[in-house]
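Encoded as structure tokens, the structure appears first; notes follow it.
The values are calculated or read from the model by the stated rules, or taken from the named source; none is laboratory data. As the structure is a computational prediction, the values presented were derived from the model and not from experiment. Glycine gets a Cβ as well: all are built from the backbone with ideal geometry, and neighbour counts include every protein chain shown.
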Amino acid sequence: MRPTLVLLHGFSQTRRSWRLTIAALGGSHRTLAPDLPGHGLAASRPASFAACAAYVRALGGERFALCGYSMGGRIALHAALELGERVERLVLVGASPGLADPAERAARRSADAALADRIEAVGVEAFAREWGAQPLFAGQPERVAAAAHADRLRNTPPGLAAALRGLGTGTMEPLWDRLGELAIPVTLVAGERDEKFRALAERMAAALPAASVEIVAGAGHAAQLERPDAVAAAIGGV
């Protein structure tokens, strides 16, 4: 029987963002890539880390591997800690355990709330252009940027705003002190151009009992969009 793999997308994406990664896996896994709360077909689903963990548990079944990118990585890490032995392996792509400093977390929560208000005011198309123009995504090939933009347009202003308010980095309780609880293998993936998350991956690896770091050559923050083959290879040990 093929192992079950649950894939969790990032903020402003939908389940379709995993399409090329799933294809690169070549049918080696039973892949489940849901729309997360506030996104795509799940725009009205409650956006909280507890609700997401329950959703992942129901989706994955008794035993499964879990992979998440960015926001999806935050959710995946939270879910792995909550679900214990149900999660047999964890892969985090461009993800963080949160902000440990309370003042920094409060500032981020305020910034996320302001962005949520802006999305509701300007609409998805204007937001999608602004979001894609961030330095975080600099260097993306044109075809990748175009596909990411099209995927963002599958969302709604209320859904994205709810996701920011309920699942944003400022809302997340920091999990740095709990990383030692994860006895399962954890693969930390970061793009070569993504200096911030490369550093975070190394820092997380030092705190995890069984971690490895995979740097994806030629990729930025959204490594699974730029190099789905390399991310599939990192997942392949599941």
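Listed here are the residues, each with its yes/no results for (1) surrounded by fewer than 22 Cβ atoms within 10 Å (Cβ to Cβ); (2) in contact (Cβ under 8 Å) with a residue 12 or more places away in the chain.
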| site | (1), (2) |
| --- | --- |
| PHE11 | no, yes |
| TRP18 | no, yes |
| THR21 | no, yes |
| SER28 | yes, yes |
| LEU32 | yes, yes |
| LEU36 | no, yes |
| HIS39 | no, yes |
| ARG45 | yes, no |
| PHE49 | yes, yes |
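Residue-wise test of (1) touching a helix residue (DSSP H, G or I) at 6+ places or on another chain (Cβ under 9 Å); (2) over 24 Å from LEU5 (Cβ atoms); (3) at pLDDT 95 or above; (4) not charged (D, E, K, R).
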site: PRO157; (1), (2), (3), (4): yes, yes, yes, yes
site: GLY180; (1), (2), (3), (4): yes, yes, yes, yes
site: ALA210; (1), (2), (3), (4): no, no, yes, yes
site: VAL213; (1), (2), (3), (4): yes, no, yes, yes
site: VAL216; (1), (2), (3), (4): yes, no, yes, yes
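Considering PHE197, PHE137, the condition of being under 30 Å from GLU88 (Cβ atoms) and aromatic (Phe, Trp, Tyr) is satisfied by PHE197 alone. For the range 60-71, a tally of residues being touching a Ser or Thr at 6+ places or on another chain (Cβ under 9 Å) and either hydrophobic (A, V, I, L, M, F, W, C) or surrounded by 20 or more Cβ atoms within 10 Å (Cβ to Cβ) (or both) returns 7. For the range 32-52, the criterion of being among the polar types (S, T, N, Q), more than 16 Å from the chain's Cα centre (by Cα) and either assigned to a loop (DSSP other than H, G, I, E, B) or at pLDDT 95 or above (or both) is met by at least one residue. Taken over the range 55-85, residues that are more than 18 Å from PRO185 (Cα to Cα), assigned to a helix (DSSP H, G or I) and either more than 12 Å from the chain's Cα centre (by Cα) or of a type in the set (Asp, Glu) (or both) amount to 5. Counting the residues of the range 2-16 that are within 13 Å of GLY27 (Cβ to Cβ) and either assigned to a loop (DSSP other than H, G, I, E, B) or among the acidic types (Asp, Glu) (or both) gives 2.
Contact map, the range 62-75: first residue touching a residue at least 12 places away in the same chain (Cβ under 8 Å), second residue among the aromatic types (Phe, Trp, Tyr) and crowded, with 24+ Cβ neighbours inside 10 Å, Cβ cut-off under 9 Å, separation 6 or more or different chains; pairs are CYS67/TRP18; TYR69/TRP18; SER70/PHE197.
Listed conditions (1) assigned to a loop (DSSP other than H, G, I, E, B); (2) at pLDDT 95 or above are all met by ARG19, apart from (1).
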